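**Q** Before we start, here is the structure in question, set down as structure tokens.
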């Protein structure tokens, strides 16, 4: 039982981190920041940011909460 709870906590933590990154990327895109600026400001590898960045650009007309929800649904 303890292992299952640990896995659930880990999944929740990862989703929270992903949500935070997505929201930051959305805000930075709305401020007309370049991909390289976003990568630099997030202090992440470009390989980590690229799929999130591409998803946001593809669905830029969605609201922030909808975008986060749909992205999380796609990776599950």
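**Q** In degrees from 0 to 90, rounded to the nearest 10, what is the angle of the helix 64-75 Cα long axis to the longest principal axis of the chain?
**A** Helix 64-75 sits at roughly 60 degrees to that axis.
**Q** Please label the shape of the stretch 22-75 as rounded, prolate or oblate, based on the square roots a ≥ b ≥ c of the eigenvalues of the alpha-carbon gyration tensor (a/c under 1.5 means rounded; beyond that, a/b larger than b/c means prolate, else oblate).
**A** oblate
**Q** Using a Förster distance of 35 angstrom, determine the FRET efficiency expected from the C-beta separation of residue 35 and residue 3, and round it to 0.05.
**A** 0.35
**Q** Once both axes come from the Cα atoms, what is the angle between helix 2-30 and the longest principal axis of the chain, in degrees from 0 to 90, rounded to 10?
**A** 10 degrees
**Q** Counting alpha carbon pairs within less than 8 Å and at least 6 residues apart, what relative contact order, in whole percent, applies to the chain?
**A** 34 percent
**Q** Counting each DSSP H run of 4 or more residues in the chain as -39500 (n - 2.57), what helix-only mean residue ellipticity at 222 nm follows after dividing by all residues, to the nearest 500 deg cm²/dmol?
**A** -27000 deg cm²/dmol
We did not get these values from a lab; they are worked out from the coordinates using the rules stated. It should be emphasised that the depicted structure is a prediction, and the values quoted were computed from it without experimental measurement. We place every Cβ from the backbone using ideal geometry, glycine too, and count neighbours over all the protein chains shown.
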